[in-house]
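Student: My questions will all concern the structure given below.
The numbers here are math on the coordinates, done by the rules we state, and not lab data. Small disclaimer: the values here were computed from a predicted structure and weren't measured. Reconstructed Cβ throughout: ideal geometry from the backbone, glycine too, with neighbour counts over all protein chains shown.
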Amino acid sequence: MSYFMYDVMGGTVDEPDSATMRRVLDGLAQADDEHPDVSLTHESGWCLSAFDDALLVWENPDEDSVTPGTMRDIAHEEVFRLFGLLAAGDIASVEALSWQR
């Protein structure tokens, strides 16, 4: 499986291990108006974007027919868990959550 992350400054991290993934997520503490999120994108096109205000966005920008979903007040550890699922290609488990569309 191939996946990559964008850190809060827009830098790309290819196939980060769990320690690197946690470091990128921890970088949300430095988020600002210009750089508000970090994201993980799977080779399938599915993407999770996490924002410092505990907003999580689930989308597939390659699929116009798929409406992005959001969740609010998501704990940092849950975001880390979901990023791990997506990195492993477990799209069904992420999609099965209660996304607001």
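Student: Picking from Met71, Pro61, Leu28, whose Cα lies most toward the positive end of the charge dipole for the chain (charges on Cβ: Lys, Arg +1; Asp, Glu -1)?
Tutor: Met71
Student: For the stretch 1-80, which trypsin sites (Lys or Arg not before Pro) are in a loop by DSSP, counting at most 15 other Cβ atoms within 10 Å? Display every interim value, and only then the final one.
Tutor: Values: sites: Arg22, Arg23, Arg72; in loops: Arg72.
Passing sites in the stretch 1-80 are Arg72.
Student: Under a point-charge model restricted to the Cβ atoms of Lys and Arg (+1) and Asp and Glu (-1), what is the dipole moment magnitude of the chain relative to its Cα centre, in debye to the nearest 20? Spell out each step's value before the answer.
Tutor: Working: 5 positive and 21 negative charges, 61 e Å.
That gives a dipole near 300 debye.
Student: Shifting gears a bit: Mind listing the phi-derived Karplus ³J(HN,Hα) values for the stretch 14-31, rounded to whole Hz, using 6.51, -1.76 and 1.60 with θ = phi - 60°, and x for any glycine or proline?
Tutor: Each residue's phi maps through the Karplus curve to give 7, 6, x, 6, 5, 5, 5, 4, 5, 4, 5, 5, 5, x, 4, 4, 9, 4 Hz.
Student: So which GluC sites (Glu not before Pro) in the stretch 4-101 end up in coil per DSSP with only 16 or fewer other C-beta atoms within 10 Å?
Tutor: Passing sites in the stretch 4-101 are Glu34, Glu43, Glu63.
Student: For a test of the definition: using alpha carbon positions, the gyration tensor, and the 1.5 limit on a/c, classify the stretch 1-72 as rounded, prolate or oblate.
Tutor: Judged from the Cα gyration tensor, the stretch 1-72 comes out oblate (a/c at least 1.5, b/c at or above a/b).
Student: Now for a separate question. Spelling out what I want: for every residue of the stretch 79-84, take phi, set θ = phi - 60°, compute 6.51 cos²θ - 1.76 cosθ + 1.60 (Karplus), and round to whole Hz; glycine and proline get x.
Tutor: Per-residue couplings from phi come out as 4, 4, 4, 5, 4, x Hz.
Student: Let's test this: bin the Cα-Cα distances of the stretch 56-98 at 10 Å from zero up to the farthest pair and state each bin's percent.
Tutor: Distribution as computed: 25, 60, 14, 0 percent.
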